[in-house]
Amino acid sequence: MRIGVYQNCPRFGEVDYNVEQALRDLETTEADLIVMPELFNTGYQFISRREVEDLAEEVPSGKTSQALLGLSRDKKMFVVFGLAERHGEKFYNSAAVVGPKGFVGIYRKVHLFSEEKTLFDRADTGFQVFDLGFARIGVMICFDWIFPESARVLALLGADIICHPANLVLPHCQKAMVTRSLENGIFSATANRIGVESRGHKGALTFTGESQILDNAGRTLTRLGPHEAGVAVADIAAQRARNK
């Protein structure tokens, strides 16, 4: 099977632009599974809870989910993408999974990073594995990487691939995911973003790029540059992750 990671530099709050850019970037990509960054459609540096509420969308009825459902159907591929999710009166930092036949599932970020704790609600999904038929995927978001138990739980639940939408500002994750893949015998696909955001009274955040796909022995199959927007793909044999 072929999996890919998408790396972008979103314009904060310009959801239509960011989604349309992603659709253009992915329209010529041939893959069975694509992983997109955390909050890929909004940008990251919210300055208030109100901004989250204004930009959050319901899943799968919101416009971002509907656009990617269309892409999944047309390209016959599964897509994992990060967004601010509205669910009733709650707002989550989430990653949705969609496929050719429709909505597959949602994961809400367990380990909120820094000021995210004041912007998003506490997750209620726990870690989950979704069976796509040709592979079983587990989803975690960004800062989940720093806790070895996140990847371990997904491996114990039977995941072949960790899909990891991210907006990384710390310099360690890409190297740490080598260990996560190696110690669990599992493939991983980290989709990060690039660029700098500085909004309101907050200091500038510089995102590290280097989205990557690792095999089940922690070897790098493909990696984008620290300032490079686009898509990187790799062919894998997901069943290799089942031999521990």
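The values are calculated or read from the model by the stated rules, or taken from the named source; none is laboratory data. Note that the coordinates shown come from a computational prediction; the quantities given were computed from them, not determined experimentally. FYI the Cβ positions are ideal-geometry reconstructions off the backbone, even for glycines, and counts take in every protein chain you see. Each accessible area value is taken on the protein alone, full model and side chains, heavy atoms only, with ligands, DNA and RNA left out. Shrake-Rupley method; radii C 1.70, N 1.55, O 1.52, S 1.80 Å.
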Revision key, fill the gap. A 1.4 Å probe over the protein heavy atoms gives the chain a carbon and sulfur accessible-area percentage of 50 percent
Point to revise | Accessible surface, the stretch 92-149, averaged per residue in Å² (probe 1.4 Å) | key: 42 Å²
Point to revise | Loop-located trypsin sites (Lys or Arg not before Pro) in the stretch 109-165, at most 15 other Cβ atoms within 10 Å (DSSP) | key: R122
Practice item. Using Cα centres only, tell me the gap between the stretch 196-244 and the stretch 59-86 in whole Å. Key: 20 Å
Check your understanding: Considering the values (i) 1.04; (ii) 0.91; (iii) 0.98, which represents Cα Rg over 2.2 N^0.38 Å as calculated for the structure under consideration?
Key -> (ii)
Check your understanding: In the stretch 48-88, which trypsin sites (Lys or Arg not before Pro) are in a loop and have at most 15 other Cβ atoms within 10 Å, using DSSP for the loop call?
Key -> K76
**Study point:** Mean separation of Cα contacts under 8 Å (6+ apart) over length of the chain, as relative contact order %
**Key:** 21 percent
Practice item. Would you work out the relative contact order for the stretch 52-134, in percent, from Cα pairs under 8 angstrom that are 6 or more residues apart? Key: 24 percent
Review point. Across the chain, how many lysine pairs, 8 or more apart or on two chains, come within less than 23 Å at their alpha-carbon atoms?
Key: 14
Practice item. Just flag the GluC sites (Glu not before Pro) in the stretch 1-100 sitting in loop per DSSP whose Cβ has no more than 13 other Cβ atoms within 10 Å. Key: E27, E30, E58, E89
Review point. Can you give the net charge of the other residues whose Cβ lies under 12 Å from the Cβ of G218, counting K and R as +1 and D and E as -1?
Key: +1
